[in-house]
Each structure stands twice: as structure tokens, then as C-alpha cells.
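In what follows, a structure is listed as C-alpha cells, so that the remarks can point back to it.
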Amino acid sequence: MQFRASVLTLYPDMFPGPLGTSLAGRALEEGIWNLEAGNIRDFATDKHRSVDDTPAGGGAGMVLRPDVLAAALDSVADGRPMLALTPRGTPLTQARVRQLAEGEGVILLCGRFEGFDERIFEAKSLEPVSVGDYVLSGGELGAMVILDACVRLLPGVMGAASSGEEESFETGLLEYPHYTRPVEWEGRTIPEVLRSGDHAKIAAWRHERAVEDTRLRRPDLIERHGGASQAPPSGAQRRDTKAKKT
Ligand code: SAH
């Protein structure tokens, strides 16, 4: 089954952009997924082809009109989840990405200016999604972020080696740090344990580091998933962590 992505934007020329290279680009060429970028402006009805108007109640900027957005959405709606990119949305998570990747595809609505007329969300059952706590100038880069995260999970896109199961967020923890050759570089050496060949010890060390780094950098993840209390990977005898109080 092909994963079908429809993006609605005022700048369809931005696509596929970075999604046309590397992993996602190859998968696109192979037909594992498909991408169609529609221009919201094509659904404007007045002679100036306007898609926006001034905000009700006053204030700076312009707001995308609900009637134009509705027509654009109706042109692609077919039961796939419809997501609207907005900093006011629910933050995107790897769990949501996984669900989306298991489905038939996704419809992504990209905002510009001050964003969308609020009525469109309920009228079209749009899921408001944010890609982080900062403000972009448009939803297009956010749409690319969502698609890139989904596409790499599609069957046949990543090599068997990287099923992604140990990656950041999949376990409620950030991933452990990686090292590669040279063994010594600029006076810094690869941690001894990683060169020990003792797989149980390595697994325990990795788990410890994942917990430690998550505590330090993302205490919110620990709280949300109870990640710190998770059992270490099977086969690993977990040495007691130098539990840092955060
Ligand atoms: N006035 C809005 C920001 C508009 S930014 C506010 O303060 O909430 C213009 C467009 O960029 C938005 O409509 C949205 O589609 C996109 N955008 C900006 N930041 C984003 C984010 N963090 N996540 C998802 N989309 C974002």
C-alpha cells in the first residue's frame, strides 16, 4: 500500500524540496510514497484570487479565509487524517508519527501570515499540530518535518539494521550516545566498555547513559513516560546508576 501525502500550501514549488533527496527521495522514486502539493490559491473565488483578509477584532497581519481553505481541503479529502500546521497545535510525537505512517497517508494544511480562520478546524475535523515551541514563517517546513518522520518508517525505506526501535523517543528515553573510529581522536577516546565485546555490559551502559542524558536534557520525557523506571534491555545487568537528582 502506497502512503499518499497531499500538501495544501501557497508555495507548492517548495515541494518535494528536501524530501526529494536521500532516503525519502529514493522512496518517492520507488513509489513507496507519493506526494502531491496543491496550491490553496487555486481555490480562491474572487478576481484578485485572494486567500486572506484582515483579522476580525483588529491587529496586525492577515488571516487565511475559511471558505478558500475548505474548498482546498474538499479537493483532496478522502478519509486520510487531515492535519493543520500551527504553533497552537498539539506537539508532534514519535507515537503520532508511527500511527500516521501505519495509515494510508496524510493531508497537511500549511498556514502563512497569522494563520487560519479558527472555524476551519471544527468544520473539517482538522487536527492542529505543532512541530515545536517556536514560530516559523509558514507551515511548509513543518509539513516536511512530519512527512520525513513518517516516510522513514514506511516498510522498505530504512534498512533492516535500523528498525528504529532503540531510537530516541521510542522507549520514552533519548537514545544513548554513539561513537565510531578513530578510537582516539583529539585526545578523546571511545568509552572502554564499548570496546569490551561484552554485550550485556554494553547494553547496561547504554541504558544508563540514555537515562542519564534524558534526565539532564529532557526531564519532561521522564515524567511523561516514567522512562527512568524502565527495565534495561534484556540481557543487560544494569549496574546501579549514579542516580542524579534533578
Ligand atoms: N500567529 C500565529 C503564527 C503564525 S506563523 C501564532 O502566533 O500562533 C505562520 C504559519 O506558520 C502558521 O499558520 C503555521 O502554519 C506555520 N507555523 C509556524 N510555527 C509553527 C510551528 N511551531 N508548528 C507548526 N506550524 C507552524
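What follows is calculated from the coordinates using simple rules that are stated; it is not laboratory data. Computed from a predicted model, the values in this text were never measured in an experiment. Cβ sites come from the backbone with ideal geometry, for glycine too, and all protein chains shown count toward neighbours.
Calculated [222 nm] ellipticity per residue, helices only, for the chain: -8000 deg cm²/dmol; basis is -39500 (n - 2.57) per DSSP H run with n ≥ 4, divided by all residues, nearest 500. Taking the fewest neighbouring Cβ atoms within 10 Å as the starting point, the ordered list for H225, H207, H199, H48 is H48, H199, H225, H207. Could you list I107, I120 in order of exposure, starting from the residue whose Cβ has the fewest other Cβ atoms within 10 Å? Least crowded to most crowded, the residues run I120, I107. Entry note, the chain: relative contact order of 18 percent, from Cα contacts under 8 Å with a spacing of 6+ residues.
The trypsin sites (Lys or Arg not before Pro) found in region 8-51 that occupy coil by DSSP, while having at most 13 further C-beta atoms within 10 Å, are K47, R49. DSSP beta bridges confined to the chain are antiparallel in about 15 percent of cases. With a simple spin-label model that places each label point 7 Å from the Cα along the Cα-to-Cβ direction, the separation between N34 and M1 comes to 1.5 nm.
The C-alpha atoms of the chain define a longest principal axis, and helix 140-151 lies at about 50 degrees to it. What is the calculated FRET efficiency for T189 to S75, with r their C-beta to C-beta distance and R₀ = 45 Å, to the nearest 0.05? Computed FRET efficiency for T189 and S75: 0.15. Neighbour counting of Cβ atoms within 10 Å sorts the residues Y176, Y134, fewest neighbours leading, into Y134, Y176.
Computed from label points 7 Å out along Cα-Cβ, the spacing between H48 and A60 is 2.1 nm.
Using the Karplus relation 6.51 cos²θ - 1.76 cosθ + 1.60 with θ = phi - 60°, the per-residue 3J(HN,Hα) values for region 122-139 come to 6, 4, 10, 6, 7, 8, x, 10, 10, 9, x, 7, 7, 10, 8, 7, x, x Hz, with x marking Gly and Pro.
Is the C-alpha gyration tensor of region 42-128 telling us rounded, prolate or oblate? Criteria: a/c under 1.5 is rounded; beyond that, a/b larger than b/c is prolate, otherwise oblate. Because a/c hits 1.5 or more and a/b fails to exceed b/c, region 42-128 counts as oblate. Which of the three applies to the chain, rounded, prolate or oblate, going by the alpha-carbon gyration tensor with a ≥ b ≥ c and a/c under 1.5 meaning rounded? Verdict is prolate for the chain. To the nearest ten degrees, helix 199-217 and the longest principal axis of the Cα atoms of the chain are 50 degrees apart.
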